[in-house]
Amino acid sequence: MIPYIDPKKFNIESYSLNKKSDVYSVGVLLWEILSGKPPFEDESDVNLAVRILKGLREKIIPNTSIDYEKLYTECWDGEPDNRPPMNEVVKRLKTIVYQRNENIDNITYQISNANSTSLNEESLINHTLTNSTVDEDLCEIVNDILMKICEITNEGKEQPYLFLDYLNNFDINVEEIRKKILNNQNNPNFIFLLGYFSYLGIETIKNDEKAFRLFINASEQDHLLAQYYVGKCYEFGIGTVKDEKLAFKYLEKFINRDYSTGQLKIIQYYDKETDIKKDFRIAFHWYEEAARNGNVIAMRNLGLLYLNGNVIDKDYQKAFELFRKSADGEYL
């Protein structure tokens, strides 16, 4: 526990640990999460406290974002007055994560647009779908694709580049798949996938209105993933009017099947002032459920709740465990 304790405590026995001491501990925890190893793991506790008091800190992690580096080094400053307040730490963490995700999405869209021609020209198909087996083969391929969409959606990793990476590594020509499901719209899976292609602009021009119509069509046939995306379209006004009550209605269907992304979405309606009554208790419950189901965003946000202690009692150990799991899932 020595590496996590405010060094002032080592020098002044009567020193009372305080909010700035918590900030110091968070700085060490952040370093541990980013490095993937405990601080001073090769050091013995003998004289470690004295050395930390004299300024010993872990080495800066190579290739770490400068924003992360500045944050954890400021947090573990030896002088409490030089450390940022906890609310600033949380705010900066949220900003770093938001900017990181925005940059990834922007870069991904640029790459996907630049590569769209090569996707059409290069043959990604290793076998041909024959007319006699079109239904069987097509259903199997589409089911595999939908499983991947469900996986990245449920884990809270809805960045387009993950789906595009999957398609680029898939052994089926995406253009051929799209043409075949266009001619076989007798299955809600096919209808949903056409909507998803329009939603992301894959092998077609991005068309939010068309995507929404296809999602609605599939959802009316009890397609669960389509219901989630209908809810998302209503939530953000994608291809339709923005309507939080309708969004809530469709997302409720999704969470009742134990899908973490729906649980995470539903939190927004209990965690902020919307037409749905604000209720932090319910929001906390769904954060726990979504984290239990493997959603890395929920893990990170639940960790922040334990870190802040403004909704639930502070628990740095739980916060640390959740941050570690979130980081393992490449979300911090």
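Points to keep in mind about this one:
- Counting the residues of the range 224-240 that are out of contact with any helix residue (DSSP H, G or I) (no Cβ under 8 Å at 6 or more places or on another chain) and within 15 Å of ILE191 (Cβ to Cβ) gives 0.
- Within the range 202-239, if we keep just the residues that are without any contact (Cβ under 8 Å) to a residue 12 or more places away in the chain and within 21 Å of ASN168 (Cβ to Cβ), the residue that is nearest to the chain's Cα centre (by Cα) turns out to be LYS206.
- In the range 216-242, the residues that are of a type outside the set (Lys, Arg) and surrounded by fewer than 16 Cβ atoms within 10 Å (Cβ to Cβ): GLU220, GLN221, ASP222, PHE236, GLY237, VAL241
- Residues located in the range 14-47, provided they are among the hydrophobic types (A, V, I, L, M, F, W, C) and closer than 21 Å to PRO80 by Cα: LEU17, VAL23, VAL26, VAL28, LEU29, LEU30, TRP31
Here is a yes/no grid of residues against (1) in contact with a strand residue (DSSP E or B) (Cβ under 9 Å, 6 or more places away or on another chain); (2) not basic (Lys, Arg); (3) not in a helix (DSSP H, G or I):
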position	(1), (2), (3)
ASP144	no, yes, no
TYR166	no, yes, no
GLU176	no, yes, no
ASN184	no, yes, yes
GLY195	no, yes, no
PHE215	no, yes, no
LYS232	no, no, no
THR240	no, yes, yes
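- Residue check, ILE104 aliphatic (A, V, I, L, M) and at pLDDT 55 or above: no
- Restricting the first member to the range 138-154 and to residues that are crowded, with 18+ Cβ neighbours inside 10 Å, and the second to residues that are basic (Lys, Arg), the beta-carbon pairs closer than 6 Å and six or more apart or on different chains are LEU138/LYS180.
- Scanning the range 221-240 for residues that are hydrophobic (A, V, I, L, M, F, W, C) and more than 16 Å from LEU193 (Cα to Cα) turns up PHE236, ILE238.
- In the range 139-186, residue modelled with the highest pLDDT [restricted to those that are among the β-branched types (Val, Ile, Thr) and under 19 Å from the mean Cα position of the chain (by Cα)]: ILE149
To keep it simple, each residue is scored yes or no on (1) over 17 Å from ALA319 (Cα atoms); (2) assigned to a loop (DSSP other than H, G, I, E, B); (3) among the hydrophobic types (A, V, I, L, M, F, W, C); (4) outside the structural domain of ASP313 (by TED's automatic domain parsing).
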site	(1), (2), (3), (4)
ASP6	yes, yes, no, yes
LEU17	yes, yes, yes, yes
ILE33	no, no, yes, yes
LYS37	no, yes, no, yes
ARG51	yes, no, no, yes
LEU93	no, no, yes, yes
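The values are calculated or read from the model by the stated rules, or taken from the named source; none is laboratory data. As the structure is a prediction and not an experimental result, all values here were calculated from the model. Reconstructed Cβ throughout: ideal geometry from the backbone, glycine too, with neighbour counts over all protein chains shown.
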